[in-house]
1. Starting from the amide H of residue 69, placed 1.01 Å from N in the peptide plane, find each other amide H under 5 Å away whose residue is 5 or more places distant or on another chain.
2. Determine the relative contact order of the chain: mean sequence separation of Cα pairs under 8 Å and six or more apart, normalised by residue count, in whole percent.
3. Along the charge dipole of the chain, Cβ charges K/R +1 and D/E -1, which of 319, 148, 164 sits furthest on the positive end?
4. Projecting each Cα onto the charge dipole of the chain (Lys/Arg +1, Asp/Glu -1 at the beta carbon, about the Cα centre), which of 387, 247, 138 comes out farthest on the positive side?
5. How would 221, 7 rank on accessible area, largest to smallest, probe 1.4 Å?
6. Only sites in a loop by DSSP and with at most 12 other Cβ atoms within 10 Å count here; which chymotrypsin sites (Phe, Trp or Tyr not before Pro) in the range 33-68 make the cut?
7. Cβ under 12 Å from residue 147's Cβ, residue 147 left aside: what net charge do those residues give with Lys, Arg +1 and Asp, Glu -1?
8. How many nm is it between the label spots at residue 209 and residue 26, if each spot is 7 Å from the Cα in line with the beta carbon?
Amino acid sequence: MSRKVVRTSKFRHVFGQGVKADQCYDDIRISQMTWDSNFCSVNPKFVAMIVDASGGGAFMVLPLSKTGRIDMSYPTVCGHTGPVLDIEFCPHNDNIIASGSEDCSVMIWEIPDGGLTTSLTDPVVKLDGHSKRVGILSWHPTAHNVLMSAACDNVVILWNVARGEEVVRIDTVHTDLIYSACWNRDGSRILTACKDKFLRVLDPRKGTVLLEKEKPHEGSRPIRAVFVSDGKILTTGFSRMSERQVALWDPKNFGEPLTLQELDTSSGVLLPFFDPDTGVVYLCGKGDSSIRYFEITDEAPYVHYLSMYSSKESQKGIGSMPKRGLEVNKCEITRFYKLHERKCEPIVMTVPRKSDLFQEDLYPDTIGPEPSVEADEWFQGKDAPPIMISLKDGFVATTKAKEFKVHKSLLKTTTASAGNQQDSSGVRRLKIILMLHEN
């Protein structure tokens, strides 16, 4: 009787490699804040990192090509009055980035092509609606100018960024601190993990709970959750004995996990990065010096350990490059930007192949930068799948300009809470033409 010893997988030999020293971003004072967000966001134009700042909060945005030592006087984005806790680039415009801060505000910034020449203090839009520090931000994957924020006031807000308006406020669902909040592939569902030990799937427009699971992990330490393929949910958390765990759930049957694996006894929260094109999930622990990666399939045990990238230095944060920013001719399937105490190091994950030709099995059509629905349409109930692109000839951005209209009050302070009725005579329209994804 023949027995298959090793599971066949094209990702079995994926290996990670740090780039050479001259391709790192050096002499950057990464933020010392104890907060479990990525601290880094990256796209095909820029890499952004939260940095230490005296008297407020700041983050640095560098063009990808600006490697080497970064001067102490390099300009930052420094409009927040408290430390910045989370940043995220807009998936539909490489020049737009959102930041959430301890000062309870969310700010939207426009980064000029080529990077900053002077420090940026005035945001394009300021969104006020939270009463405590804002620690989680997530742009809608398919709807243009829709942003989700979650704060320590246990409230999730969905914003129409172009109007500077709070549209949906989910404030009665979570009874404690929200650990993580993310969208599914087409943005028709929100998944949250909360300190009250509940995992919840929400209807984003109604703010109602569709499904919930109590105690996905027995331990009391933070839980992270992401949607993976076929609507399944992957969680990372801790056992009662503080061992780190990874689990896969089928929301149709929330009773028992499809699989639950114990990993080690480190204390850092595991940040999951799921790649829907390959089915590979990367677990990056804050404070770890390694990145584990697993393949998720339909056959038991569903989450298959592949390998681990190890290095000497621990990671303070990590960002992941969108698929359209990778070098397909080198069989690069992911590129992480790992934050050390004083630098940012790109780490390339590669599938070894002998051929230089385009590998169609590694690069199916992937999510492109074009939104498939406008904010107003989405809030009125229209869902749309993401618009896919091919990476075969290297992704080339469309030259079509996308108009980003912002309504701003002439008053010095603009609040964007739902109850704030602005006088129509005191509103002017600010038109900003933003080029989408110029190479």
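The values are calculated or read from the model by the stated rules, or taken from the named source; none is laboratory data. Quick caveat: nothing in here was measured; it's all calculated off a predicted structure. Because the Cβ atoms are built from the backbone with ideal geometry, glycine has one as well, and the counts that use them run over all protein chains shown. SASA here: full protein model, heavy atoms, side chains in, ligands and nucleic acids out. Shrake-Rupley method; radii C 1.70, N 1.55, O 1.52, S 1.80 Å.
1. Placed amide hydrogens put 26 under 5 Å from residue 69.
2. Numbers: 1127 pairs, mean separation 66.9, N = 439.
Dividing the mean separation by the residue count of the chain yields 15 percent.
3. 319
4. Most positive-ward Cα: 247.
5. Values: 221 85, 7 60 Å².
These residues rank, largest area first, as 221, 7.
6. Numbers: sites: 35, 39, 46, 59; in loops: 35, 39.
Filter output for the range 33-68: empty list.
7. Working: positive: 163; negative: 86, 88, 165, 166.
Charge balance in the 12 Å sphere: -3.
8. Roughly 5.2 nm, to one decimal.
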